[in-house]
Structures are given as C-alpha cells and as structure tokens.
Amino acid sequence: MSILLLRDDAVAADRWALAATIREPGRLDDTAVAIAAYAASGGATVVVEADENGYRWSPAHSGGAYPLGQRVAGFLGCSHRDLIVRFTTLDGWAIVGRPMDFVPTRYTVLESVPTVAEEVAALLSSESAPWSVFESG
C-alpha cells in the first residue's frame, strides 16, 4: 500500500475517495477530478503516470519524503502524523510510491496545475501533452 492510515477516522471519506487514483490507477476523468481538487486546495506540482489501462497521480516535492508527506496530509485534511507514505523519486521529485502491480509506460511532471478537472483531462489527453517515456531495462 502506498498510503497507510494510522487512524481510520483521520481522513474524511470524500478526501480518501479523491486519493484513490494516488493509490491505484484509474480512469482519466477520475484522475483529473482528483488532481484539480488537489490544485484547488493549494497543491502545487504533481506527477502523473500512465499505462494502457489507466492513470495514477501523486503530489510531488523536490524536498524529499517529509515535505511530500505533509503535502499528502494537507490534501487529505489530516496530520502528517496520521499517515505512513511510501515514496519513491522520479526526475528529482519525491512522489507517493506506486502500487506494486502498476508498471507505467509514461509520465509527466505538471508544475502548473489547472483547478478545473476538464482542463486537467484535456491537458493529459492532448496530442501535445508533455509525456516522457520510461526507459525499459
């Protein structure tokens, strides 16, 4: 699991539902709604990963695991002490660790994130989307 709650009552159900596409890949529309909500709540940079079956996103922070955990907690509306966040790094950004069975083929770093879900979806699905491809091997 990429995010572990230490207390079941630490996070409101609607926020936990928005975080579903952090924990597991999902449809573009669901991912876009969550990213827009994160941006609207004051969140900044995100990383979006994708494969042929779905999209997964994560808040991103260049300062490492501790500030990443604080960003995740802020989005969820709880204390960072109520969470354990497994993380990894990608292009110098600390991100929430991906599920073990998710092997993304591409990713993008968005440092300026729209607060409207339709704009996020359009950005990610456009021909000019800033996707990078994971190198195999």
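Please report the projected area of the stretch 3-126's Cα convex hull averaged over all directions, in nm².
6.8 nm²
Please report S126, S2 as a ranked list, fewest other C-beta atoms within 10 angstrom at the top and most at the bottom.
Fewest to most other Cβ atoms nearby, the residues stand as S126, S2.
Placing +1 at every Lys and Arg Cβ and -1 at every Asp and Glu Cβ, with all other atoms neutral, what dipole size does the stretch 3-126 have around its Cα centre, in debye to the nearest 20?
Charge dipole, the stretch 3-126, about its Cα centre: 400 debye, nearest 20.
For q values of 0.15, 0.18, 0.23, 0.31 Å⁻¹, compute log₁₀ I(q)/I(0) with the Debye formula on a Cα-only model of the stretch 44-90, without solvent.
Values, matching the q order: -0.41, -0.57, -0.84, -1.19.
Between the helical axis of 65-76 and the dominant principal axis of the chain, each derived from Cα atoms, what acute angle in degrees is found, rounded to the nearest 10?
Relative to the chain, helix 65-76 is tipped by roughly 80 degrees.
Computed FRET efficiency, Cβ-Cβ of E119 and L6, R0 25 Å: what is it to the nearest 0.05?
The calculated FRET efficiency here is 0.10.
Taking the 0 to 90 degree range and rounding to the nearest ten, how far is the long axis of helix 28-40 tilted relative to the main principal axis of the chain, both from C-alpha atoms?
So the inclination is approximately 60 degrees.
Which residue, chosen from A32, A94, A50, occupies the Cα position most advanced towards the positive end of the dipole of the chain, where the dipole is computed from +1 (Lys, Arg) and -1 (Asp, Glu) charges on Cβ about the Cα centre?
A94
Go ahead and estimate [θ] at 222 nm for the chain from helices alone: -39,500 (n - 2.57) per DSSP H run with n ≥ 4, summed, over the residue count, rounded to 500.
Rounded to the nearest 500, it is -9000 deg cm²/dmol.
We did not get these values from a lab; they are worked out from the coordinates using the rules stated. All figures in this text were calculated on a predicted structure; none of them were measured in a lab. With ideal geometry, Cβ positions are generated from the backbone for all residues, glycine too; neighbour counts draw on all protein chains shown.
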